[in-house]
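Some notes on the structure that comes next.
The values are calculated or read from the model by the stated rules, or taken from the named source; none is laboratory data. Since the model is a prediction, treat every value here as computed from it, not as a measurement. Glycine also receives a Cβ, built like all others from the backbone with ideal geometry; neighbour counts cover every protein chain displayed. These area figures cover heavy atoms from the full protein model, side chains too; ligands, DNA and RNA do not enter into them. Shrake-Rupley method; radii C 1.70, N 1.55, O 1.52, S 1.80 Å.
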Amino acid sequence: MRTALRWLLALMLLIGTVGGPVATATASEPGIPDIKDRILAIPGMSLIEEKPVTGYRFLVLNYTQPVDHRHPSRGTFQQRITVLHKSEDRPTVFYTSGYGLSTTPSRREPTQIVDGNQVSMEYRFFTPSRPEPADWSRLDIWQAASDQHRIYRALRTIYSRHWLATGASKGGMTATYYRRFYPHDMAGTVAYVAPNDVVNDEDSAYTRFFRTVGTADCRARLNAVQREALVRRDEIVARYQKYADDNGLTFTTVGSADKAYENVVLDLVWAFWQYHLASECADVPAPSASTDAIYSFVDSVSGFDFYTDQGLEYYTPYYYQAGTELGAPTFATPHLKGLLRYPGIYQPRSYVPRSIPMRFRPDAMRDVDRWVRHHADRMLFVYGQNDPWGAEPFRPGRGTHDAYVMWAPGANHGAVIGALGAADKAKATAEVLQWAGVAPAAVTADPGRAKPLAAYDARLDRRTGAENGTLRP
């Protein structure tokens, strides 16, 4: 798990909709405290701002968290959250991207399905939710799960109906880890495109994926242009360095423009399948294309900005976790033989400043995988057929209950329930409604009739592949 989102992909995977107009969240009746006042009465909660949104109240908040949940007296930090308030008598969806927090009102797919409230959390150590000074040893999956647990416990006093956890990519991983450590908080979990790198040094699944994804012609075209990008390396790196100099970009963490370029090119095939569709294979330039065409293609898919210091800075917490607990995939590139100059550079330690110590814990992912295989009750894992992150999925085992893994045909890292085949989409929607305690009687009798309770809202429900997390190798 390495790099991150370079741009906002304009791929929209729309969810099927039904139902009438969304009810408008109104101010409290006389004598009943306003929802904002009730939330702000929670110890440790403070208001950053309220933003207008039709049908809801939307609050951006800070919540005081311990830096170390095992030793709460050793300092606190302010963690940002948002509350999209519909009604106290509706279920609540707890969302995190596993990264920073958007303060633009939006609604995750499960929130639309159950027509509920939504609480969103910024992951610890993503600015501004970072302790000062930053003790990086306090950034781990248990501490982050404990952040969620405390937020849930605080808001449960107001939102007492069923809660569901959700997230995509690293957010899907986060929702899964939260369920592992606090299995009784949530009534259900919907984890989208969540990779499960159980044994960090055994990554043959990714190599197999790239040997079979798409068509043979598309794979050949991508491999050929990736190779050609390294054949013309010196010419392109000179141009890359000039671009960096002109824009005040530096390469201290990675080491040089040449090292950054090797990482950018290694990203190319993975990034294509993560964020693009098989139908876009026709846009892959031939190896005989001009250097301008190859430069533009590499930039549009991988992004030259990312491996600069300025591009990597925001994602330091992710790479720290990838190099200490989450793991990071590798894959064979025999077509690049003789063209790679920096063996071993393509791994998380390369992207975290050396002033931050890192030590990998191989037991962390094995523990989570073991728990999912034996205890994944009321959990749904959604993957895209053509998403490389699905090469190592979560797999609930025998003895689990209401636990599912579903695949969206032809989908990439933007896979959602709405992109599943008709039968799976109805089944998944019915399960989410049941877990949330809001399944209509007709759906209970016939899950095939399940549809989202809230109508699609283009302002709140616009979904792109880029929104489904930012993991990249």
Review point. Under a plain spin-label model, where a point goes 7 Å from the Cα along Cα-to-Cβ, how far apart in nm are Glu235 and Ser137?
Key: 5.2
Check your understanding: Per residue, how much accessible area does the chain show when a 1.4 Å probe rolls over the protein heavy atoms, in square angstrom?
Key -> 39
Point to revise | Phi-based couplings in Hz for region 185-190 (Karplus 6.51, -1.76, 1.60; Gly and Pro marked x) | key: 5, 9, 7, x, 9, 10
Revision key, fill the gap. The equivalent-ellipsoid semi-axes of region 284-332, taken as the square roots of five times the Cα gyration tensor eigenvalues and listed largest first in whole Å, are 29, 15, 6
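Quick one: length gained pulling Thr76 to Glu49 fully straight, 0.36 nm per residue minus the C-alpha distance?
Values: separation 27, 0.36 × 27 = 9.72 nm, distance 2.14 nm.
Taking Thr76 through Glu49 to full extension adds about 7.6 nm, to one decimal.
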Exercise for review: Please list the radius of gyration and Dmax for the chain, considering alpha-carbon atoms only, with Å as the unit.
Suggested key: 22.4, 75
Revision key, fill the gap. Taking Cα atoms, the helix 233-246 axis meets the longest principal axis of the chain at an angle in degrees (rounded to 10) of 50
Review point. To the nearest 500 deg cm²/dmol, what mean residue ellipticity at 222 nm is calculated for the chain from DSSP H runs of n ≥ 4 alone, each contributing -39,500 (n - 2.57), summed and divided by the residues?
Key: -9500 deg cm²/dmol
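Work out, step by step, the length gained on full extension between Asp89 and His335: first 0.36 nm times the residue separation, then minus their alpha carbon distance; give nm to one decimal. Display every interim value, and only then the final one.
Working: separation 246, 0.36 × 246 = 88.56 nm, distance 5.78 nm.
Answer, rounded to one decimal: 82.8 nm.
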Practice item. Quote the Stokes-Einstein diffusion coefficient, in whole µm² s⁻¹, for region 114-261, based on the Kirkwood radius over alpha carbon pairs, a temperature of 25 °C and a viscosity of 0.890 mPa s. Key: 124
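Taking all protein chains together and a probe of 1.4 Å, list Glu262, Glu49 from the most accessible to the least accessible.
Numbers: Glu262 0, Glu49 70 Å².
Descending accessible area places them as Glu49, Glu262.
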Check your understanding: Among rounded, prolate and oblate, which fits region 350-402 when a ≥ b ≥ c are the square roots of the eigenvalues of its C-alpha gyration tensor, a/c under 1.5 means rounded, and a/b larger than b/c means prolate?
Key -> oblate
Practice item. Place +1 on the Cβ of every Lys and Arg and -1 on the Cβ of every Asp and Glu in region 54-183, take the dipole about the Cα centre, and give the residue among Thr111, Pro128, Gly55 whose Cα lies farthest towards its positive end. Key: Thr111
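Take the alpha-carbon positions of region 84-155, form their convex hull, and give its projected area averaged over all directions (one quarter of the hull surface) in nm².
Values: hull surface 21.0 nm².
If I average the Cα hull's projected area over directions, I get 5.2 nm².
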Study note, to complete from the structure: The lysines whose Cα lies under 21 Å from the Cα of Lys451, excluding any fewer than 8 residues away in the same chain, are Lys86, Lys425, Lys427
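Which number comes out as Rg/Rh for region 321-462 once both Rg and the Kirkwood Rh are worked out on C-alpha atoms?
Values: Rg = 20.1 Å, Rh = 18.5 Å.
Radius of gyration over Kirkwood radius for region 321-462 works out to 1.08.
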Point to revise | Separation in nanometres of the label points that stand 7 Å from Cα toward Cβ, at Thr157 and Arg211 | key: 5.8
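If you keep only loop residues by DSSP, which trypsin sites (Lys or Arg not before Pro) in region 44-119 have at most 15 other Cβ atoms within 10 Å of their Cβ? Provide the component values of the computation, followed by the final result.
Working: sites: Arg57, Arg70, Arg74, Arg80, Lys86, Arg107, Arg108; in loops: Arg70, Arg74, Lys86, Arg107, Arg108.
Sparse-neighbourhood loop trypsin sites (Lys or Arg not before Pro): Arg70, Arg74.
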Revision key, fill the gap. Of the accessible area of the chain, computed with a 1.4 Å probe and all protein chains kept, carbon and sulfur make up a percent value of 52
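Going from most exposed to least, what order do Ser129, Ser106, Ser300 have by accessible area with a 1.4 Å probe?
On the way: Ser129 0, Ser106 35, Ser300 60 Å².
Sorted by accessible area, descending: Ser300, Ser106, Ser129.
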Point to revise | Computed label-point distance, nm, for sites Asp245 and Asp402 using a 7 Å Cα→Cβ extension | key: 6.2
Check your understanding: Ala442 to Ala220: extension gain in nm, 0.36 nm per residue of separation minus the Cα-Cα distance?
Key -> 75.0 nm
Practice item. Would you kindly work out the equivalent ellipsoid of region 193-279 from its C-alpha gyration tensor and give its semi-axes, the square roots of five times the eigenvalues, largest first in whole Å? Key: 28, 18, 12
Practice item. Take the alpha-carbon centre of region 169-188, take the same for region 57-75, and report the distance between them in whole Å. Key: 19
Review point. In whole Hz, what ³J(HN,Hα) sequence does region 118-131 give by Karplus (6.51, -1.76, 1.60; θ = phi - 60°), x for Gly and Pro?
Key: 9, 10, 10, 10, 7, 6, 4, 6, 8, 5, x, 7, 10, x
Check your understanding: Can you list the residues, at least 5 places off or on another chain, whose amide H is less than 5 Å from the amide H of Asp203, using H built in the peptide plane?
Key -> none
